[in-house]
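First up is the structure itself, then whatever we jot down about it.
Please treat every number below as a calculation from the coordinates, not as lab data. It should be emphasised that the depicted structure is a prediction, and the values quoted were computed from it without experimental measurement. Don't worry about glycine lacking a Cβ; one is built from the backbone with ideal geometry, like all the others, and counts go over all protein chains shown.
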Amino acid sequence: MYAQVIIDITNEALDRPYTYHIPEGMHVSAGDRVSIPFGNSRIPKNGYVISLSEQSAYDEDKIKDILGVVSNAISVKEQLIQLAVWMSREYGTTLNQCLKTVLPVKKTVRKNLRRIDPMERYREETDEQHILNPEQQIAADAIVSGIRSCFARKKVSPDRTPGSLDLTQPENAGKTQDPPRYLVFGITGSGKTEVYLHAIEETLALKRKVIMLIPEISLTFQTVLRISSRFRGKVAILHSRMSLGERYEQYMKCERGEVDILVGPRSAIFAPFDNLGLIIMDEEHEGAYKSETAPRYETRDVAFQRAKLTDCPVVYGSATPSLDIFTKALHGEIRLLELTHRAKPGSTLAATEIIDLRKELAEGNRSIFSRHLNELMTEALDKKEQIMLFMNRRGYSSFISCRSCGEAVKCPHCDVSLTLHRDGMLRCHYCGYETPRMKLCPSCGSPYLAPFGFGTERLEEYVKQSFPDAGVLRMDADTTRNKGGHERILAAFRAHRADILIGTQMIVKGHDFPDVTLVGMIAADLSLSAPDFKAQERTFQLITQAAGRAGRDREAGHVIIQTYQPEHYAIQLAARQDYRIFYEQEMAFRKLMGYPPVERLMTIQLQCADENLLDAVSELAVKEMSGYCAACNAELIGPLRATVYRVNDIFRKIIYIKHGSHDIIIQLRDQCQELIRQHDRRSQILLNFDLQ
Ligand code: ADP
Ligand code: ZN
Ligand code: ZN
């Protein structure tokens, strides 16, 4: 017997399977981690077996023996290997890197530390079960019938097909019909979670497993609480703030079949379940579902790919679906299930008002709060109701600049200004550089340095001054750095131990606080001015989600949106919670500009510390690419400087390729990579691909 092995080395050139002989009596299966001799080195290397074969095309005496199976390592499920193969092709990342992404990191929890079972804090509360309303029932019925039809056509478990792995066409591996996909499109509080719970119940009754994805930042006890109290003892969770050891333990519970459900952020899609029956992806539109590091995968696509490999339904859910998913739903590729009103009797959507900050200023109000917001805050505090204030920038001020020469104080390693924090430190939000606030301008020596703009810290200070009797909590990346920081703040606010919660976007996601009646968006324009074609979409989502926080219970809620661009359609339509009109307007814009999802966009980022090499190579690559692109009618843009050109003393250039066809864009990406590598013989340029 022979084994095809991927060597565990980060080197594109070696990223292909090598054939090894399996010695008599050794047990090796696909997915095992093995020790093998490689090249002239006397030190053995490790590798992953991706397939087995009876025969080999190579000369028998040139083939080396596998030295042994690395004990204690997890053997990867074949399905996950197939997923890694697909990801490697789709996202232009080495197979080795993709295998590492789909595999858990083995780590043992240090025994001498006092440990809390991560499920412990989710134990006390119980969840009330509801009788589904007619819309929920229709949605649940549709999903249940999908679960059953997949179950019926799955005769044997297809997760194990030893030794046969078609590397060339992983997506066609013996599959004819795509599994069904659903979009539960329901306003905030319409009872989507209740529908998921119903679908999970059905899946468990058929003895199948469930992956439930929730975006990282909203991964708080609320969703987990409901699922774990409904399915006691059957749930494992992954959590970005868990230690590697804790994660590994949760992962092994899935592997050993001790649990039926894995709840977690995007990496939970790689749960080692044999017998998967359902994938749920809540808040499908969330940015946190996209991996920031290579492979820069889009979880919704990986989820569909995994569903195809295992043949199970995928349920996407959102109040503000991504344009991509909603387009597919309108085209009938995904079944659209709509929930149009709030599930809780008596609960209605909050009244939303847009406040024009230009007018406030013109009428002499220079404070952070408009007069109306100020009034409503006073009123809510009098009535002992809770308030959430949302401000999409952390820190004290956005930058400090010199009144004499006009220069902003910048990071010495990056092309961005430093953010002032309340502890008197200036910090770079890109590379983490920090320095105490200086007295004199670094450019001209003038003493007139002043902070401009404001962030959550300054907002907090301001609120405490204006409302000295109110209890204030702040939640942003700075206050949640510690383990359990999120939960502590949210639990305190939920228990009404504070009146006002201030925070960045992490407070607007999916949290259910019954006593919140007022939500204030202090500067809705911050996200609108982001240099990204998705800025409008993100702004619309943020406002809609934030608005959904008010009046979750019986009390009618108020939402105040402060902005300098009150007439902007993203703000207007979000205030009206009119997703469909927004979708049409935004799609018209994307069509006009040829942006995704109308066309596919490949972003190729080149990073290098040597600016001259970067210039030369990117110019050459684009020159040579232009022929290829012209031949297939693809648009080629660049090389351009990245929005922040220098980060951590590394320069970054961008090449864009646009085309309507996914396959052509992948082909062009590969050609471009090849050209760049030809000119960059010593691999000094780091390449990053992003497919949208
Ligand atoms: P979503 O996930 O869409 O935001 P949830 O599932 O969290 O909505 O439901 C919002 C609130 O309505 C929750 O407090 C939930 O307990 C309640 N709820 C859900 N379904 C029903 C129902 N059929 N009848 C009454 N209350 C419901
Ligand atoms: Zn100056
Ligand atoms: Zn920096």
Exercise. Taking neighbour Cβ counts within 10 Å as the exposure measure, how do TYR2, TYR91, TYR58 sort from fewest upward?
Worked result: TYR58, TYR2, TYR91
Seminar exercise, completed: Extend 7 Å from the Cα of THR19 along its Cα-to-C-beta direction; within the stretch 33-54, residues with backbone N under 15 Å of that point are 50-54
Exercise. Average projected area of the Cα convex hull of the chain, in nm²?
Worked result: 34.1 nm²
Seminar exercise, completed: Here the net charge surrounding GLY455, from other residues whose Cβ is less than 14 Å away from its Cβ (Lys, Arg +1; Asp, Glu -1), is 0
Exercise. In the stretch 425-527, which trypsin sites (Lys or Arg not before Pro) fall in coil by DSSP and have 16 or fewer other Cβ atoms within 10 Å?
Worked result: ARG437, LYS439, ARG481, LYS483, ARG497
Exercise. Given a Förster radius of 30 Å and the C-beta distance between ARG576 and ALA362 as r, what FRET efficiency does 1/(1 + (r/R0)^6) yield to the nearest 0.05?
Worked result: 0.75
For this session: State the answer as a single residue: which of TYR289, MET252, THR544 lies farthest towards the positive end of the charge dipole of the chain, with beta carbon charges of +1 for Lys and Arg and -1 for Asp and Glu, about the Cα centre.
Result: MET252
Seminar exercise, completed: Dipole check, the chain, charges on Cβ (K,R +1; D,E -1), about Cα centroid: among ALA588, THR456, LEU526 the Cα furthest to the positive pole belongs to THR456
Problem set entry | Sites matching GluC sites (Glu not before Pro) across the stretch 552-604 that sit in DSSP coil, with at most 16 neighbouring C-beta atoms within 10 Å | GLU567
Exercise. What pairs in LYS623/LYS653; LYS45/LYS253; LYS534/LYS591; LYS192/LYS344; LYS591/LYS658 have C-alpha atoms more than 19 Å from each other?
Worked result: LYS45/LYS253
Exercise. When the Debye formula is applied to the Cα atoms of the stretch 420-512, each taken as the same point scatterer, what base-10 log of I(q)/I(0) results at q = 0.12 Å⁻¹?
Worked result: -0.50
Seminar exercise, completed: For HIS130 and TYR58, extending 7 Å from Cα along the Cα-Cβ vector and measuring point to point gives, in nm, a value of 6.0 nm
Exercise. Once both axes come from the Cα atoms, what is the angle between helix 244-255 and the longest principal axis of the chain, in degrees from 0 to 90, rounded to 10?
Worked result: 60 degrees
Problem set entry | ILE138-ALA492 FRET efficiency (beta carbon distance; Förster radius 51 Å; 0.05 resolution) | 0.85
